[in-house]
Each structure stands twice: as structure tokens, then as C-alpha cells.
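What follows is a set of notes on a single structure, which appears directly below.
The values are calculated or read from the model by the stated rules, or taken from the named source; none is laboratory data. Since the structure is predicted, the reported quantities are computational estimates derived from the model, not experimental observations. Cβ atoms come from the backbone with ideal geometry, glycine included; neighbour counts cover every protein chain shown.
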């Protein structure tokens, strides 16, 4: 029971190749630095961002039939 296979791949070789390729795929993620948030100015941080009386908010509540 002898196998004649020109392209013989052992199980250990296959696992070694899979391990190396997984390590190569994960290495760029490990080399990236931490992301930092944009600090902005203190005026920008305290700026009002929500206007309850704007036209789009009024239209939202009118279209969805919410009570007044």
C-alpha cells in the first residue's frame, strides 16, 4: 500500500503553513497604534447640537403621529 503522490503534503507541513499565514495576517493589526479622538476646542465641546423646534423634528413627530 504505497502511495505515489508527487505533491505530498504532510499534516505537519500543512499546519505549519496555516499557522504562519494566520500570524502574518494578524501582525499588521498588532503594529497599528491606538486611535485618538479629536479634542477640539472647549467651545466646540459645549456647542448645542439639538434643536427641538427645528423643522425636521416637527415633521418627524407630525408624520409619526406622536401626541403633542
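In segment 3-21, which residues are at pLDDT 80 or above and part of a loop (DSSP other than H, G, I, E, B)?
10
Residue-wise test of (1) modelled with pLDDT under 85; (2) in a helix (DSSP H, G or I); (3) surrounded by fewer than 10 Cβ atoms within 10 Å (Cβ to Cβ).
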{"site": "23", "(1), (2), (3)": "yes, yes, no"}
{"site": "35", "(1), (2), (3)": "yes, no, yes"}
{"site": "44", "(1), (2), (3)": "yes, yes, yes"}
{"site": "47", "(1), (2), (3)": "yes, no, yes"}
{"site": "50", "(1), (2), (3)": "yes, no, yes"}
{"site": "60", "(1), (2), (3)": "no, yes, no"}
{"site": "68", "(1), (2), (3)": "yes, no, yes"}
